[in-house]
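Below is one structure, written out as structure tokens, with a few remarks after it.
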Amino acid sequence: MALPYFGGVSGGVSRRLHWTVLGIAFAVGVAIGIAISVAHSSTTVADTQTPTIANPLLDRGAHLNAPAPDFTLTDQFGKRFSLRSLHGKVVVLSFNDPECTTICPLTTTALLRAKKLLGPAASQVALVGVGANPEATEVKWVRDYSRVHGMLHKWRFLTGSLAELKRVWRAYYIRAAVVNGSIDHTPATYLIDPNGRESWLYETPMAYSSVNQLGYELAHSIAGLLPGHPRLQGTVSLAKPQLYGPHDPVMLPRAGGGTVRLGRGSGAHLVLFFDTWETEVTDLSKQLEALNRYQAAAQRSGLAPLVAIDEGGVEASAQALPRFLHALPHPLSYPVAVDQNGTVADGYRVQDSPWLELVSGKGRVLFAEDLAVKGWPRLKELLARVRVAQTK
């Protein structure tokens, strides 16, 4: 079972993580973190230098002190690569499903943010990912994930035979399995010091608005492992972010210029959350263009208009969305807004990508659908569902 600190209930195909309800996920997630920490260290040391964290969703990490088990796997270029080859560097080792559309993109975005905060000292840090999907072990999967997330030459994303991967998972106490058709894995990130010893363990929360904070926390702990303890190139507030749910009026920037208004007073909306990196696992261009037909039918029938929201904070770059929209054969007839810091996605309790919600004019969620699990709806079915929901 994947164990985030902020979760929901889902199921379905193997390309996504399977979350349990919030209370169970929180309790079990904390227990797993403690268990791994105890298994890897004889003592747990409080980090008195870590800034005070006010966001309860953010993991401040567990201090470890044990040798990091060595392994040799295959990277995204098909080359064999061993952990011991990075001796002398700080290694940031994370476990990620290369087909993931939920928590893994949050993890890898946080890794990149951490390196950016380290400035020149980032040259002494190596990012390493290990595949955590027993059904996606081919090199093409780690290469495709690295490509769509803009990380092809920024890290080593490793895979191997299932037997090789299982040995690594066991060594690092990672659960990675197919459960009821879904991929479940521990969203763990280890920090390994230049002498090859595990120093910190973090688990990524399923919270878009906490990505920058996790990146800062990682960078702070990494700096403590580097010679001279370099100062970070910037600061990030670790306060609990203000979220904007369906009730809350909010203005978002619109791709191409202008703004999009949501929340009370803006009328009913069908809201689609998405990311352009979904092209790895779905024909995103085709599906978004198909929704032009919904927009036209909704206008004729007086149904809730569609608004799409790109999770800009976890895109590969600021140019990813404009480049994607420009490449579409036909322009989209509905507005595309950008949620740069994830506060709208978290306010709407988005747990996957793509994700669809129908919201009434009073800010009530009439239905929510995980399209990564359920699949994209057909036009006739979508129109019927919206029509019925709006009459209740």
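Read the figures in this text as sums done on the coordinates, not as results from a lab. Everything numeric here is computed off the predicted structure, so don't read it as measured data. We place every Cβ from the backbone using ideal geometry, glycine too, and count neighbours over all the protein chains shown.
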**Report entry** Evaluated over the stretch 54-140, the Cα radius of gyration and Dmax, each in Å
**Finding:** 14.5, 43
Query raised in the report: Rg (Å, one decimal) plus Dmax (Å, integer) for the alpha carbons of the stretch 49-101?
Result: 15.6, 43
Query raised in the report: Summing Lys, Arg as +1 and Asp, Glu as -1, what charge do residues with Cβ under 10 Å from the Cβ of GLN76 carry, GLN76 excluded?
Result: +3
Query raised in the report: Which FRET efficiency value, to the nearest 0.05, do you get for ALA368 and GLN124 by plugging their Cβ-Cβ distance into 1/(1 + (r/R0)^6) with R0 = 35 Å?
Result: 0.20
Requested in this report: Sort out for me the Cα centre separation of the stretch 137-159 from the stretch 338-353, rounded to whole Å.
Outcome: 25 Å
**Report entry** Dimensions in Å of the stretch 250-391 - Rg and Dmax from alpha carbons
**Finding:** 14.0, 41
Requested in this report: For the stretch 282-339, just list the percent of Cα-Cα distances falling in each 10 Å bin from zero outward, please.
Outcome: 21, 51, 24, 4
Query raised in the report: How much net charge surrounds ALA239 when only other residues with a Cβ under 15 Å from its Cβ are counted (Lys, Arg +1; Asp, Glu -1)?
Result: 0
Report task. May I ask you to compute the full-extension gain from HIS153 to HIS87, defined as 0.36 nm times their residue separation minus their alpha-carbon distance, rounded to one decimal in nm? Result -> 21.8 nm
Report summary line: Cross-link reach from LYS140 to aspartates and glutamates, straight Cα distance under 16 Å and at least 8 residues apart if same chain, gives ASP75, ASP97, GLU99, GLU278, GLU280
Query raised in the report: In the structure displayed, which of LYS89/LYS154; LYS286/LYS380; LYS115/LYS286 lie more than 23 Å apart, Cα to Cα?
Result: LYS115/LYS286
Query raised in the report: Once both labels are modelled 7 Å past Cα along the beta-carbon direction, what's the MET251-LYS166 spacing in nm?
Result: 5.7 nm
Query raised in the report: Can you work out the base-10 log of I(q)/I(0) for the stretch 201-334 at q = 0.16, 0.18 1/Å, using the Debye formula on its C-alpha atoms alone?
Result: -1.00, -1.16
Query raised in the report: Listing VAL128, VAL365 from the residue with the fewest other Cβ atoms within 10 Å to the one with the most, what is the order?
Result: VAL365, VAL128
